[in-house]
Each structure stands twice: as C-alpha cells, then as structure tokens.
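Structure record follows, encoded as structure tokens.
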Amino acid sequence: MEQKFAMCRVAVAPLRTAASDAAEIATQLLFGDQVEILERAEPWYRIRNSFDHYEGWMDFKQLSAISEEDYKASQQLAYLAPPAIYNPIEAADGSLYYLPASCSLPFYKDGYCRVGTEKFKVLFEPYAISGAAEQDLTALSLFYKNAPYLWGGRTMFGIDCSGFSQAVLKMLGVNILRDAAQQAQQGETVNFLPQVKPGDLAFFDNAAGKIIHVGIILGPGKIIHASGRIKIDTIDDQGIYSAELGRYSHQLRIIKRFAVPSSIQ
C-alpha cells in the first residue's frame, strides 16, 4: 500500500514550486509539520501541509512516513518550543533544533516526542498552549525583531511578512493561513484605526488593490512587520511610515482581529 502521509523530521525544509533544487521556495516546513503526499517524482514528493494547506515539492528524505492515524491525531497544538534560538532535540543519529513556531511536538510524553517510529529526546522545557495574553504577544513578536526578510521563510533566520504573522499567532494558539491575501480573508474586521488592539493584523495593498503585505499591531501607532528585516514602524490611517525611507512604504487596506484566548500556561 502506497504511503500517503508523512511528517517533517528536520528542523526546517524548503517547500518548492517545482520538483527541482533550483525552483523557487514558496514556504518552509518545520519539524513536526504533518503532510499528505499528493504526487511522487523521485526524489521529490508533492505534498500538502495539513496546518495551512500549502502545497509544494520537497525532497522525500526530509520526511518520515507516518500512519493515517498518526496524521489525524497529531494535528492538535499541545506543546511548543519557547521563543529561544536553541531548543535541541536528539535522535538516534544526532541532534537537531526545534524552532519556535514549529508544529506541536508530536506525541510528546515524558521528555520524548515521536515521528513515525523514530523517537526524539526533548532537551528543553516545552510549554502548553491554552491561549495568549497581551504581554505574551509583544514578547513573541519582539523575539523575531531584526530577523532578515526571506521570501517563503518561517524562522528567525529568515522570514517573510505573512510567515511572521502566522508564526506569532500560532505560538499564541491561533491558526491562520500562510499568505497575506489568505489571512486578510480571515478574522473580524476592525473598522477604525483608533479601535485597534495589540495583536490585530493590518493588511496593505498595491495600486491594483491586491493585498501584498501584513504586519502585527503592537500598540497605538506602532506596527511590527517584515520589510528588509523584522522592524517596528509607525502606522496611521494612510499606512506604514518608514523613518528609514522618509516616506510611506505601504498603503493600509484593512485591519483584522483574531480570537485569542486569555492566557498561556
């Protein structure tokens, strides 16, 4: 019977637009991401990420086969890594780092997690998700400050605007889709800028009206977003004002609010 499901077993893996190492990186998979295998062109698999339904091609050697039962059972967020550069886990063939915003430690129990038949010893103290407080959101957002911009990136070593918003909300127990235009279709609309709260997402469009950018509101008049690097800029009814450029860099289109529970354990 052909294997249909798998899990990312490396810290970070590129998901490409075509079955080639030279193809564009559309996004990244992180350790524990569960995927459905859609097509094979050895050594490439075309997969669908269960978390945000993103599709692309990746080298099958970065995946471990899992059962359909494990695929379904492992999709609930439970234990995540704290916001730290190094969160080591150890396999029989060596160690790797479990990056913040990775999927829930799969089948975590008594200091171990499991990918298929492979066990990993967790060498850090994970935290259990039950929601988020304002101070948690600020701390998680600032953890990524100065991370370089990388198209398709999802880690502190390189991240794009929607990867950043997805990562921060994910660590707060809120699941959103991958791209800015997709995220703009979710959540509840905030009609006026003075009504914004920390954690609201602001979306920006181009001259054609297409959503091309997203950032996280930190407080009145302040937004953190990926533009060259993760940085804090000023926002008003017109958009983002970049002090570095001495002009408005992004035109405000819409602000959305997502249901964030009350506290993290």
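The values are calculated or read from the model by the stated rules, or taken from the named source; none is laboratory data. Predicted model, so just to flag it, every value in this text is computed and none were measured. Cβ placement follows ideal geometry from the backbone for every residue including glycine, while neighbour counts extend to all protein chains displayed.
Some points to look at:
- Test: residue in region 42-61 that is polar (S, T, N, Q) and under 28 Å from ASP179 (Cα atoms): yes
- Considering region 149-265, the qualifying strands (runs of 3 or more DSSP E), each wholly inside and each with 2 or more residues that are in contact (Cβ under 8 Å) with a residue 60 or more places away in the chain, run over 211-219, 222-227, 229-235, 247-257.
- Yes/no for TYR149 being assigned by TED's automatic domain parsing to the domain that holds GLU68 and either more than 15 Å from PRO83 (Cα to Cα) or of a type in the set (Val, Ile, Thr) (or both): no
- Members of region 46-64 that are assigned to a strand (DSSP E or B) and either over 13 Å from PRO14 (Cβ atoms) or at pLDDT below 95 (or both): ARG46, ARG48, GLU55, SER64
- Candidate set: region 69-85, residues that are free of Cβ contacts under 8 Å to residues at least 40 places away in the same chain and not in a loop (DSSP other than H, G, I, E, B); chosen: the one nearest to VAL122 (Cα to Cα): ALA73
Residue-wise test of (1) of a type in the set (A, V, I, L, M); (2) under 19 Å from ILE230 (Cβ atoms); (3) in contact with a His (Cβ under 8 Å, 6 or more places away or on another chain); (4) not assigned by TED's automatic domain parsing to the domain that holds ALA92.
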position	(1), (2), (3), (4)
TYR108	no, no, no, no
VAL122	yes, no, no, no
PHE157	no, yes, no, yes
SER162	no, yes, no, yes
LYS170	no, yes, no, yes
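- Residue in region 76-84 that is surrounded by 18 or more Cβ atoms within 10 Å (Cβ to Cβ), of a type in the set (S, T, N, Q) and closer than 24 Å to CYS113 by Cα present: no
- The lone criterion from (1) at pLDDT below 95; (2) within 21 Å of PHE143 (Cα to Cα) left unmet by HIS225 is number (1).
- Within the span defined as region 88-95, every residue fails to be modelled with pLDDT of 95 or more, in contact with a Phe, Trp or Tyr (Cβ under 9 Å, 6 or more places away or on another chain) and closer than 18 Å to GLY153 by Cα.
- Test set (1) polar (S, T, N, Q); (2) in contact with a Leu (Cβ under 6 Å, 6 or more places away or on another chain); (3) not in a strand (DSSP E or B) - THR27 fails condition number: (3)
- Taking the numbered list (1) within 17 Å of the chain's Cα centre (by Cα); (2) closer than 25 Å to ILE216 by Cα in turn, ALA128 passes all entries but (1).
- Test: residue in region 43-57 that is surrounded by fewer than 17 Cβ atoms within 10 Å (Cβ to Cβ), over 29 Å from ASP136 (Cα atoms) and hydrophobic (A, V, I, L, M, F, W, C): no
- Filtered residue count, region 81-129, keeping only those that are closer than 16 Å to GLN34 by Cβ and among the acidic types (Asp, Glu): 1
- Of GLN251, GLN166, GLN183, all but one fail to be more than 23 Å from ASP33 (Cα to Cα) and either surrounded by fewer than 22 Cβ atoms within 10 Å (Cβ to Cβ) or not assigned by TED's automatic domain parsing to the domain that holds LEU99 (or both); the exception is GLN251.
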